[in-house]
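Some notes on the structure that comes next.
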Amino acid sequence: MRDVDTEPLEPFGLLVRARTSLHPSSIHPERLHRWLAVHRVVVMRGFTAMPTVDMARFCATLGEPMQWSFGLVNELHVEDDTENYLYTRAAVPLHWDGAFVGRIPHYIFFQCIEAPAPGAGGETLFCDTPLVLERAPAALRRRWSATELT
């Protein structure tokens, strides 16, 4: 694709940077599926932000969207008086997206509309579980296999 540059990320992932003003839907779903199968995480920079309805429509091209308690798209805005840590400035603990919906999501798509200054927080960290398992010593994998989460 001539309108984007791609660059591998370390230790995993692929950076896709738009050379011109592109909507994320300009990337064919099959291309995204291939990138995700190989790289597990695809970071798209320089693309046009999508309104909520367009985000839902775009995600539907990648598979059946999951219905969450908040709907198809969760818009995160900082709130001063909330019990849900996702909507505060506080750190979010390492967690598994999908734990509260009852099934494992195939893809999770994030769109950042506004980011804080570098180093001010707001980062999202991803874990490559197969890579962690591959690199973990056998004794640690045995200990993990005996662990039960509820």
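The values are calculated or read from the model by the stated rules, or taken from the named source; none is laboratory data. Remember, it's a predicted structure, so these values are computed and weren't measured experimentally. Backbone-built Cβ (ideal geometry, glycine too); neighbour counts: all protein chains shown. SASA here: full protein model, heavy atoms, side chains in, ligands and nucleic acids out. Shrake-Rupley method; radii C 1.70, N 1.55, O 1.52, S 1.80 Å.
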Any chance residue 125 is among the aliphatic types (A, V, I, L, M), at pLDDT 90 or above and assigned to a loop (DSSP other than H, G, I, E, B): no
Could you list, in sequence order, the residues of the range 50-80 that are touching a Pro at 6+ places or on another chain (Cβ under 7 Å) and at pLDDT 90 or above? 50, 56, 58, 59, 61, 62
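Provide a single number: the residues in the range 58-108 that are of a type in the set (Gly, Ala, Ser), within 30 Å of residue 119 (Cβ to Cβ) and surrounded by 12 or more Cβ atoms within 10 Å (Cβ to Cβ).
Final tally of qualifying residues: 1.
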Count, please, the residues in the range 21-31 that happen to be more than 16 Å from residue 111 (Cα to Cα) and open to solvent by less than 70 Å² (accessible area, probe 1.4 Å). 1
Quick check on the range 32-52: of everything there that is exposed (fewer than 13 other Cβ atoms within 10 Å of the Cβ) and free of Cβ contacts under 8 Å to residues at least 24 places away in the same chain, which residue is farthest from residue 10 (Cα to Cα)? 51
When you scan the range 1-106 for strands (runs of 3 or more DSSP E) that lie fully inside it, which ones turn up with 1 or more residues that are within 14 Å of the chain's Cα centre (by Cα) and not charged (D, E, K, R)? 14-22, 42-47
Quick one: how many residues across the range 121-150 are closer than 23 Å to residue 97 by Cβ, over 16 Å from the mean Cα position of the chain (by Cα) and open to solvent by less than 90 Å² (accessible area, probe 1.4 Å)? 7
Spot the failing condition for residue 111; the list is (1) assigned to a loop (DSSP other than H, G, I, E, B); (2) over 12 Å from the mean Cα position of the chain (by Cα); (3) at pLDDT below 85, and only one is missed. (2)
